[in-house]
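Every number in this text was worked out from the coordinates using simple rules, so none of it is lab data. As the structure is a computational prediction, the values presented were derived from the model and not from experiment. Please note: Cβ atoms are built from the backbone with ideal geometry, for glycine as well, and neighbour counts cover all protein chains shown.
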């Protein structure tokens, strides 16, 4: 992109340009002019063009291998593609139908239900295609019922083993149904599958790829992370009642919410390949959710009722401020549980007093105590630390030997803690918002949650921590690091509460019961192992989720660490298989930088090349 084009972007999209300039300026201050220029001139569309050409364009050889692989299938499940239509522009309608007819997997049927289109060419085109291919079924509704009713009509026409959802102006990749059939044959227990997707502009150019995580229940509460392509086992979609009236604009999101409530988590499958192309038309939700404000209201209802079905009462679901996403605020128990915050002492007592007073003065939480770990510094007493404070939470001091590693110090601190909730705060943590602890506790007390991390920002207004990805920049790294604080990041993942495989030990909160069940932090020295990552992975091994609480915002200045201290960081061998396949990340995204650039090459191989 030329500099002239960047000036044009600044005029037509000032917010986007402003965020990019702020990010570039931050990089310039930190790493020099070269990073500034590289950020300003970076062109994601050009990168994606190159990625598509290199890794996501089928050759004739690929097509032949796919056909041969299909020939080896022990079964060929029938996939019913259901499409509600209404006044679809003719070129888009034809391309949609052609994308189904061009499928390399031929065992499909296309069920098209028109919702009383006023434009006669819609039914003319449907009749034309139905006469060409007996796998195409069509129906015209005499009265308009809107998209939910039309979708249910199409569903009623389907006789397949699996149901695939396709919008009337979008397109399937030619290997989409093959990939779905291959996945369910490899794992017959799957009841619901979804793929990655991208967008198509009016010229047919692909852009804006959405490379998704595996099933991420907390992210799902804040956005429809599923999108397209979604495929359901037919008996499951019928068992939940199909599409529900009253949530138009969010009917697919609502369907997924009811399906995941009906099945087990291990029955959800994610195929990390682009199988769906979302065509951007004026007024479509692909272009902007702002075009359909009623869709956000329907999303709120979807998640409110999803939470109610799961026994979660008192949650406040509303629109995220300034963003086309949701914000879910969970309630605290009554009375709120006692929280023990474990604080590592500073070398200087005055600095430690300042830290404690910062936390006490700016934290709005009623039941709190502190355990200060005195790690071989100058002798401290609790009375010295709170001298001059009229009211303060209980403070105790745990003195340990200077040779003891920090993980073992934390284990000992928890042993003397009285709280049902324990939290660990690094030396560089500064409180900036009063509600941070309420937010973290509201997640920590939720059933199924094992550990909670916060959104940590640098004093210069950039991101320090929003979650960790295994294998990123080595053993494990921080996603979104260096991003401007108010930037939503990749599909909102910098600012939305969600699940990650690990969170920073600089600010971590959890139930004491979970800490004890895991066995505490590993006893090794902190320079030999990543104790917080190992701990979080053990939490996940217990079937509990690690939550990044995006609304719990604190400032953090990490301690200076020498290169000699950084190099030995490792993880136990048992986690090795996750270093290139973190389920909260995507193999098409890079394991360098902030974690959301394209991977050249991807860390996934299509099944036809492995057959």
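Suppose we keep just the DSSP beta bridges with both residues in the chain; what percent of those would be antiparallel, to 5? If I count the DSSP bridges inside the chain, around 40 percent turn out antiparallel. A full extension of the chain between residue 50 and residue 597 corresponds to an added length of 195.6 nm, given 0.36 nm per residue minus the alpha carbon distance. When the alpha carbon gyration tensor of the range 471-533 is reduced to an equivalent ellipsoid, the three semi-axes, largest first, read 26, 16, 9 Å. Compared with the dominant principal axis of the Cα atoms in the chain, helix 146-157 is inclined by about 70°.
Between 0 and 90 degrees, the angle of helix 251-262 with respect to the longest Cα principal axis of the chain falls at about 60 degrees.
Taking square-rooted eigenvalues a ≥ b ≥ c of the alpha carbon gyration tensor, is the range 138-209 rounded, prolate or oblate, where a/c under 1.5 means rounded and, failing that, a/b exceeding b/c means prolate? Judged from the Cα gyration tensor, the range 138-209 comes out oblate (a/c at least 1.5, b/c at or above a/b).
Shown for the range 198-348 is the translational diffusion coefficient from the Stokes-Einstein equation, using the Kirkwood radius over Cα pairs, a temperature of 10 °C and a viscosity of 1.306 mPa s: 89 µm²/s.
For the range 423-500, the alpha carbon convex hull comes to 120 Å³ per residue, rounded to a whole number. To test your reading of the geometry: what angle, between 0 and 90 degrees and rounded to tens, separates the Cα axis of helix 293-309 from the longest principal axis of the chain? Helix 293-309 and the main axis of the chain meet at about 70 degrees. Considering only Cα atoms, the convex hull volume of the range 339-578 works out to 124 Å³ per residue.
With R₀ fixed at 35 Å, the C-beta to C-beta distance from residue 319 to residue 208 puts the FRET efficiency at about 0.95.
Cβ-to-Cβ counts within 10 Å put 374, 254, 350 in ascending order as 350, 374, 254, the fewest first.
Each residue in 556, 548 was given a count of other beta-carbon atoms within 10 angstrom of its own, and listing them fewest first yields 556, 548.
If both residues of a DSSP beta bridge must be in the range 339-578, then about 45% of such bridges are antiparallel. Note on the chain: Rg/Rh from C-alpha atoms, Kirkwood Rh, equals 1.00.
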